[in-house]
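Please read the structure below before turning to the comments.
The values are calculated or read from the model by the stated rules, or taken from the named source; none is laboratory data. Here the structure is a predicted model, which is why all the values come from computation and not from measurement. Here the Cβ positions follow ideal geometry from the backbone for every residue, glycine too, while neighbour counts run over all protein chains shown. We work out accessible area using only protein heavy atoms, side chains counted, and drop any ligands, DNA or RNA first. Shrake-Rupley method; radii C 1.70, N 1.55, O 1.52, S 1.80 Å.
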Amino acid sequence: MTATQSPAAAPAKAKQPRQTLYAKSLGFTLIELMMVLAIIGILATIAIPQLRNYMTRTRVTEGLNLAATYKLAVEELAASNNNTFTKEQLALLDFVPTQNVQNITASPMNNGSGGIVTITYSQNVEKDATLILTPTVTDSGIQWQCAAKGSSKAALPPNGAIDNKEFAAGTLPARFAPANCR
């Protein structure tokens, strides 16, 4: 025994090559890739219909925004002519169709009945579907009821309201209409 060796020294082990992270993982397995594609497919089947519904609802909102001038005309004429006016008194210009809205019309009013604003949508929303805005004359002004398919007439407010007998529900499916129109 030499002086440099100790009797308790263990025999020397052979050095093993060090494995790096790169050497362990060379890529994704087929199973991992298939799982990722399955998850993406499931998310797409849920998200795409919701996105389409969202886009349609924004197009419906465009029609409601364009109808604001017609609502204002009905309100002004009802207030200044004792809730009666003719189509000629409305004096609205012809509606210029947009990509989403075919037409907007307002009907004449007679003693608080009428004054209906009808929004007709194009095929980008649902071809020839309508959303109806019905005014109810009260002591404090006009309250509007928006009605899509399946909507029923709202109860009259207690403050001296005139029943608008020309109420009608539109043909636009309720799922595309704003919450207050369902």
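Here, the range 113-182 has an Rg and a Dmax of 12.6, 41 Å when only alpha carbons are counted. For the residues MET35, MET55, a 1.4 Å probe over the protein chains yields an accessible-area ranking, largest first, of MET35, MET55. Using θ = phi - 60° in the Karplus curve 6.51 cos²θ - 1.76 cosθ + 1.60, the 3J(HN,Hα) couplings for the range 29-36 round to 7, 4, 4, 4, 5, 5, 5, 4 Hz; x is entered for Gly and Pro. Comparing mean-square fluctuations of LEU93, LEU30, LEU172 from a GNM of the chain with C-alpha springs under 10 Å, the top value falls on LEU30. For GLY170, the residues whose modelled amide H falls within less than 5 Å of its own, excluding neighbours fewer than 5 places apart on the same chain, are ILE132, ALA147, ALA148, LYS149, SER151.
Peptides 107-114, 131-138, 162-169, ordered by how many other C-beta atoms sit within 10 Å of their residues on average, highest first, read 131-138, 107-114, 162-169.
Quote the relative contact order of the chain in percent (integer), defining contacts as alpha-carbon pairs under 8 Å separated by 6+ residues. Let's see the in-between values first.
Working: 256 pairs, mean separation 27.9, N = 182.
Once normalised by length, the contact order is 15 percent.
Rounded to whole numbers, the Karplus 3J(HN,Hα) couplings from phi for the range 92-104 are 7, 5, 4, 6, 9, x, 10, 5, 10, 10, 6, 7, 9 Hz, using 6.51 cos²θ - 1.76 cosθ + 1.60 with θ = phi - 60°, and x at Gly and Pro. Seen against the Cα atoms of the chain and their longest principal axis, helix 68-80 is set at about 30 degrees. In the range 31-182, one over the average inverse separation of all distinct C-alpha pairs is 17.0 Å, which is the Kirkwood hydrodynamic radius.
Dividing the radius of gyration of the alpha carbons in the range 81-129 by their Kirkwood radius gives 1.10 for Rg/Rh.
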